Amino acid sequence: MVPVETAKGVMKVRGESVEPVQLQVVCQTLWENCQHIWRRQFSEKKVITQEYLKTFGDVDQALSTFYESAITRVVKATGIKEGVLRRWFEQSLITSAGTRGTVFRGREDTVGIPNATVDELVNQHIIRAELRGGSRWYELTHDRFIEPIKVSNERWLREHSGGEQIPKRLEERAQGWARNGRQKKDLIDDEGELLVAERWLESAAAVDVGYSDTLFAFVQASRAAISEKQAKSARHLKLLVAALLIMVAGLLVAAMVAIRSQHEAKESQQKAEARELEATTARQMADAQKKLAEDQGKLADELTTKYKIEKDRADKQSTLARASERIAKQDKTKAVRYANAGKGLLSEARDAEANYQYAEKQSRDVCDKKKQLQKNLLEWEHIRAGYEALGDEAQQAVMSKRFSDVKSEADNLVCSPPGLD
C-alpha cells in the first residue's frame, strides 16, 4: 500500500507494480537472515519456511534496513552529517501530507545537499533522477519507502538526542511557523521554553543530529520578539512611573517612600521569578544530561557483554581447531606406521614364500625338507601374528590356511634323525 494525495485527502492504495529494487531489497534481507540461522544450526537442510517469511520478510523492516545501510555508506563516502542527510529525506523528499515529493538539482547543491552526495544516493538506488524540461529532478525510488524512512528517522533521533523530543518538537514548530508565513503569533513566547531551545542548539547533541536553517531562524526570531516585547514593557513601565511621580509629587514623603518600596519589591519579585525559572531550566537540562549518561552507560555495558560472548566463542572455536589438528596429526602418524608395518610384513611373506619354494625344489632329503618346513612355519606364524595386529583379516586367513597346509605336510614327513635344529 502506498500513500496517494486525493481530493479527499491522503489515502493508501495498492500500487500498480513492484519496483525491482524494492523486491530485491526484501529478498536479499530474507536470504541473509536465513543464511545466518542455517549457519548457527549447522544444518544441511536449507528451506525458507513460512515462519522465516513472517519474521524476516516484512517489507517495512527490509526497506528500513536498506535505507539505513544506504545512509551509512553515503555518510562514510562523502563525510556529510547523518542528521543533516536524514532531515533532508524527511523534509525535502516527503511532503507534509506524507506523500512523495520532488526536488530540483541546482548548480552546486540540491535543496542544501551537495550534488556529490545526491549522486551517491542515486548510486545506492534510494532516490532516482528524472529530466523535466531540461532540468534534473529527484524523488524517492518508490512511495513504499516513505513510512520506513519516517520510522527510521524517529528512532535514530531518539537514540542520538538522549531520548528527548526537543529537536523533533522544535523542528515541527519551526516548519509550521515557516508554512504560515513566519508570523509572530507562531513564535516561542515563553522565556523558559526559548532558553531550552537556545541551549539545545548550542549542545553537542545538536551538532551530531543537526538542525535546519529554518529552526535556527525560528529561534532567533523568537529571541528578537521576546526582546522587543521586554523593551516595550520596560518603556511602558518607565512612562507609568514618570506619570505616577508627577501625580504624587505633592504627596507626603511617607507616601513617596511607600511607592518606592512597592516598586523595589516588584522588581525583586521579578528577579526572584527569573532566577527560579533559570533554576528550573537548569534542573531540566541536568536531568536530561543524566538520562543521556545512563543510556550511554547501558549501551556500553551491552557492547561489553557482546564482546565477551564473541571472544568466548572465538576461543572455543580456536581450541576445537587445535584439537582437530592434533587428532589429524595422530591419525596420520598411525596410518604411516601401519602402512610401513604392512610393507614389512608383505616383504617377509614374500621372503618366506621364496624360501619355501627353494626348500621344496632343492631339498631332496626328507629330514632337510622337514627342517625347512618347520622353519617356514615359524616365519609364517610370525607373519600371521603381524596381520592380526594390523587387523587385516583377509591376509590373516590366507596365512592361517597356508600355515595349516604346510604343518600337515611337515607332520606327514618321517625323518629318521631324532630331532630338528
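General observations
- Candidates in region 154-168 are the residues that are exposed (fewer than 13 other Cβ atoms within 10 Å of the Cβ) and at pLDDT below 85; of these, the one that is farthest from L215 (Cα to Cα) is E159.
- Applying the condition of being aliphatic (A, V, I, L, M) and outside any helix (DSSP H, G or I) to region 64-96 and asking which residue is nearest to E159 (Cα to Cα) yields I80.
- Qualifying positions in region 193-245 - at pLDDT below 75, buried (at least 17 other Cβ atoms within 10 Å of the Cβ), of a type in the set (G, A, S) and part of a helix (DSSP H, G or I): A205, A206
- Close pairs (6 angstrom Cβ cut-off, 6 or more residues apart or separate chains): touching a residue at least 40 places away in the same chain (Cβ under 8 Å) in region 64-80, in a helix (DSSP H, G or I) and of a type in the set (K, R) anywhere: none
- Output for region 383-401, where each listed residue is under 18 Å from N355 (Cα atoms) and modelled with pLDDT under 85: R384
The values are calculated or read from the model by the stated rules, or taken from the named source; none is laboratory data. Only a predicted model underlies this, so the values are computations on that prediction, with no experimental measurement involved. Positions of Cβ are backbone-derived with ideal geometry, glycine not excepted, and every protein chain shown enters the neighbour counts.
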